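The values are calculated or read from the model by the stated rules, or taken from the named source; none is laboratory data. Computed from a prediction, not measured in an experiment: that's the story for all the values here. Every residue, glycine among them, receives a Cβ derived from its backbone with ideal geometry; neighbour counts consider all protein chains shown. Areas reflect the complete protein model, heavy atoms only, side chains present, ligands, DNA and RNA absent. Shrake-Rupley method; radii C 1.70, N 1.55, O 1.52, S 1.80 Å.
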Amino acid sequence: MYIFPCQIELYDNRDRLVRDQWVKIMKLRIVREKLEECYHSQSVNHMQNCRELVERYLRDLPEARMGGRPPFLNSSWK
């Protein structure tokens, strides 16, 4: 089976995109774990002491999602 150069580029782009999304998800998981630890350790004062972690988590949350189709495929495969 012969693989065309454009297929190799497509697979490389797909792998890079999945890897980048996975890194974002894992970073968000680390922030969430730190936030959970902060909630448990600060108990009553968690609203004041964990504020930075909450803001960071909410800022990074929309970006850290696994998508179905990569954006570069949406127009070419219709």
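Selection of segment 19-50 for residues being aromatic (F, W, Y) and farther than 18 Å from R65 by Cβ yields only Y39.
Among the residues that make up segment 66-77, is at least one of them modelled with pLDDT of 90 or more, of a type in the set (A, V, I, L, M) and open to solvent by less than 70 Å² (accessible area, probe 1.4 Å)?
Restricting attention to segment 66-77, the residues satisfying the condition of being modelled with pLDDT of 90 or more are none.
The answer is no, given that none of the residues of segment 66-77 is modelled with pLDDT of 90 or more, of a type in the set (A, V, I, L, M) and open to solvent by less than 70 Å² (accessible area, probe 1.4 Å).
Restricting attention to segment 26-35, does a residue exist that is farther than 17 Å from P62 by Cβ and either acidic (D, E) or outside any helix (DSSP H, G or I) (or both)? Yes, the conditions are met somewhere in segment 26-35. For segment 16-70, residues that are aromatic (F, W, Y) and out of contact with any helix residue (DSSP H, G or I) (no Cβ under 9 Å at 6 or more places or on another chain) total 1. In segment 43-58, which residue that is modelled with pLDDT of 90 or more and open to solvent by less than 90 Å² (accessible area, probe 1.4 Å) is farthest from the chain's Cα centre (by Cα)? Filtering segment 43-58 for residues that are modelled with pLDDT of 90 or more and open to solvent by less than 90 Å² (accessible area, probe 1.4 Å), the one farthest from the chain's Cα centre (by Cα) comes out as N49.
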